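Heads up: the structure comes next, in structure tokens.
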Amino acid sequence: MPVEFHQKSGEFHLYNDEISYIMEILENGHLGHVYFGKRLRDREGFRYLTEYAARDMAACPFEGRRDFSLEHLKQEYPAFGTGDTRYPAFEIEREDGSRVVDFRYLGHHIYQGKKKLEGLPAVYVEDEAEAWTLEVTLEDQAVSARIVLSYSIFRDYPAIARSARFVCEGEETVTILNGMSGCLDLPDKEYEMLELAGTWARERHIHKRELTYGIQGVYSMRGCSSHQFNPFLGLKRKETTESAGEALGFSLVYSGDFLAQVEVDNFDVTRVVMGIHPNEFRWELGPGEAFQTPEMVMVYSDKGLNGMSQAFHGLYRTRLARGVWRDRERPILINNWEATYFDFNEEKILEIASKAQELGIELFVLDDGWFGKRNWDDSSLGDWYPNLEKLPEGITGLARKIQDMGLKFGLWFEPEMTNKDSDLFRAHPDWVLADIRRPYSHGRNQYVLDFSKEEVVDCVYRQMKKILEEAPVSYVKWDMNRSFSEVFSNGKDRSWQGKVRHKYMLGVYSLYERLTREFPEILFESCASGGARFDPGMLYYAPQAWTSDDTDAVERIKIQYGTSMVYPVSSMGSHVSAVPNHQVFRNTSLDTRANVAYFGTFGYELDITKLTEEEQEKIKEQVAFMKQHRRLIQQGRFYRLKSPFEGNYAAWMVVAEDGSEALLAYFRMMQPPQGKFERLYLTGLEEEEEYEIKEQAGAGEEFGRHYGDELMYAGFSVSDFSSGLGRKAYELQGDYFSRLYHLRKMDSNN
Ligand code: DGJ
């Protein structure tokens, strides 16, 4: 059984083929942490790994004993004020203001499978044999509260999902001031911390820093997981590369405020905590009530960062994303945003759609500007009925016409927002998430709706449902374009105010849940001013997300490379857009734009009616190429090969699960004068197998047949002058150059 409890020693051991997670009941009844890493043989007696020390100034709970101090012991879910002076996993306050707690082991429960988290997104199993769960209950008798720590280990992934549930058992109200999803104490600090950081139009760039004493971490207090930081944190050994070495990944299945923090104490012990950000969080728990934290997923890899990422990709693509679209090839779409912005009418839309249909595109997405009186960003959010001046036959009429052309129809919403110039705001000025007794800020001329209130969510739900029922809508893009500012829930009492940021997220999740359940065939794509809510929480409801508003191919190489640290290719919305690019005004070839966008859900976002015949022909070819290869791209095993954060080049590849084929992408930012020889060391191939290599979407050059071992160990040359392309090679060179190669295993039919 992959979860063992060794009664005599009080040790728990969770393991699968790749990893082990060990904890123990400490002498004072608290839960201690022993080990997380490569799989160990199960046995009783890992307690020798628990290190004690009598250190000056340390607080010790046992009279006459100086070597037992929580300040120096590794713990599972530590509290503050118990001697441990490091950052705690939780903090609760009693009615009299006391924050002193003493949570001890009460019992545990082991079962096959994994339970749902009510109202929250979480990794799931389809068959109970896919995971085992251990729930350990801790109790503080004086407070009459319990904490249930849940750990699920997966059969097929080196991953453990954790969360905590607080239950108020007594007569007294307890207030949770901080409730992290999990904590991990590691025995040394010889790690580099990886974070995905950025801002609008440059989301999820990979940043690396050596751990040092004190606190370091990432967070959001913006109401969404944010452009600035992602709810992910990685720890890698200095020598770990993409393909070898140890790496730990921590990912929070949540879309709101979060904290992901590493603390190194002065004895080099590293503590990771992750959960809802405690800022403005104050959750009163009355008698009989419970509070469930979001889920945190921890991955251990000894196969480098690619090993860590592939575990997240597999788990999140197949056991976090849900619904019929989870396993389907994603439709190639055209979105009108960068083609028209707010300036369109039915005629223009139909013109684009008709051209799209000619080129083989499958889905037309109508973006912002179709509702209320919306011709700019200062009006109508919240009024989800069609603007009949622009679209005389409404959404239903337009959608039908597009459907008759043989395309599917998709529609943009921004459900969580309103403008002051809207019928919704005029009717309910107190529905904004702001203290309306005083001035409050706008963001992009809009205001956040108070989704902590059920009636607000219901009103938006009714409007969306009406449109989705009446019109043949196959896809919804759910946007969210501003951060929170003066958060206050009007008309609610003091205790509500401490809950409002999390209740807002629960409101968003409940609306997603209702709509996805009622419209199971609709493909949802989440979006937040580009990629401000590209997180695992959203993936549970929407299997794809708009990666960034930056559609420039060169910038996208970095954004998609960074995003792939955690998120699968199938989740990354990626479009070919116009040149000069609208965000960075750069010119790149249509080939390079597509070569980047292929590694995602793929689509177009430009006025294709304005393209030359030659460009339209090329798009036809690109669409056909993507149709042929999208299963491989979206469901294959993705490997990062060369980081755009480290030089002038980038490369990645995707290998089919059955190994029959692969696609290799190589990108060069600047053309070097007399470039040096460039060799890529491929990965994920079978040493003994022979592969036929052809260049795709370029000159179509054949690169002969090579064995897996040659390609992985001797390498594959992508040098400027060794390709044998002759004159053509010069024509194809220049800045922002890219190549795509298809590898076919010789005994396969692909
Ligand atoms: C921000 C999104 O990221 C864009 O793609 C677009 O939908 C605009 N909002 C529309 O307002």
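The values are calculated or read from the model by the stated rules, or taken from the named source; none is laboratory data. Source: prediction; values computed, not measured. Note that we place each Cβ from the backbone using ideal geometry, even for glycine, and neighbour counts take in every protein chain shown.
Identify, please: which residue in segment 526-573 is outside any loop (DSSP other than H, G, I, E, B), touching a residue at least 60 places away in the same chain (Cβ under 8 Å) and within 11 Å of the ligand (Cβ to nearest atom) and is, among those, farthest from S226 (Cα to Cα)?
First, the residues of segment 526-573 that are outside any loop (DSSP other than H, G, I, E, B): 526, 528, 531, 536-541, 544-546, 553-563, 569-573.
Now restrict to residues that are touching a residue at least 60 places away in the same chain (Cβ under 8 Å): 528, 531, 536-541, 544, 546, 553-555, 557-559, 561-563, 569-571.
Subsequent filtering for residues that are within 11 Å of the ligand (Cβ to nearest atom) retains 528, 531, 546.
Details: A528: 8, G531: 8, W546: 13 Å.
Ranking the candidates gives W546 first.
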Restricting segment 721-750 to residues that are charged (D, E, K, R) and farther than 28 Å from D552 by Cβ, the residue that is modelled with the lowest pLDDT:
R727
Quick one: what pairs do we get from segment 42-71, first residue exposed (fewer than 15 other Cβ atoms within 10 Å of the Cβ), second of a type in the set (S, T, N, Q) and not in a loop (DSSP other than H, G, I, E, B), C-beta under 6 Å, 6+ apart or different chains?
none
Quick one: F154 ticks every box in (1) of a type outside the set (G, A, S); (2) surrounded by fewer than 23 Cβ atoms within 10 Å (Cβ to Cβ); (3) touching a helix residue (DSSP H, G or I) at 6+ places or on another chain (Cβ under 9 Å) except a single one, so which number is it?
(2)
Are any residues in segment 559-579 in contact with a Ser or Thr (Cβ under 9 Å, 6 or more places away or on another chain), of a type outside the set (A, V, I, L, M, F, W, C) and within 13 Å of A650 (Cβ to Cβ), and if so, which ones?
Q560, Y561, S564
Spot the failing condition for W325; the list is (1) over 30 Å from L641 (Cα atoms); (2) assigned to a loop (DSSP other than H, G, I, E, B), and only one is missed.
(1)
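Scan segment 329-348 for residues that are more than 15 Å from the ligand (Cβ to nearest atom) and touching a residue at least 24 places away in the same chain (Cβ under 8 Å) and jot them down.
Of segment 329-348, the ones more than 15 Å from the ligand (Cβ to nearest atom) are 329-332, 345-348.
If the condition is that a residue be more than 15 Å from the ligand (Cβ to nearest atom) and touching a residue at least 24 places away in the same chain (Cβ under 8 Å), then E329, R330, P331, I332, N345, E346 are the ones that fit.
Answer yes if at least one residue in segment 588-611 is more than 16 Å from the ligand (Cβ to nearest atom) and in contact with a Pro (Cβ under 7 Å, 6 or more places away or on another chain), and no otherwise. Let's see the steps before the verdict.
Step one: list which residues in segment 588-611 are more than 16 Å from the ligand (Cβ to nearest atom), which gives 588-596, 598-599, 608-611.
This time we only want the ones that are in contact with a Pro (Cβ under 7 Å, 6 or more places away or on another chain), so: none.
No, that holds for no residue.
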Could you tell me which residue of segment 376-393 is nearest to the ligand (Cβ to nearest atom), considering only residues that are crowded, with 16+ Cβ neighbours inside 10 Å and farther than 23 Å from C459 by Cα?
K390
Every listed condition ((1) within 16 Å of the ligand (Cβ to nearest atom); (2) more than 30 Å from the chain's Cα centre (by Cα); (3) not β-branched (V, I, T)) holds for E615 save (1)
Does at least one position in segment 398-414 carry a residue that is out of contact with any strand residue (DSSP E or B) (no Cβ under 6 Å at 6 or more places or on another chain), at positive phi and touching a residue at least 24 places away in the same chain (Cβ under 8 Å)?
yes
Single match in E126, E172, E91, E95 (criterion: under 30 Å from the mean Cα position of the chain (by Cα) and part of a loop (DSSP other than H, G, I, E, B))
E126
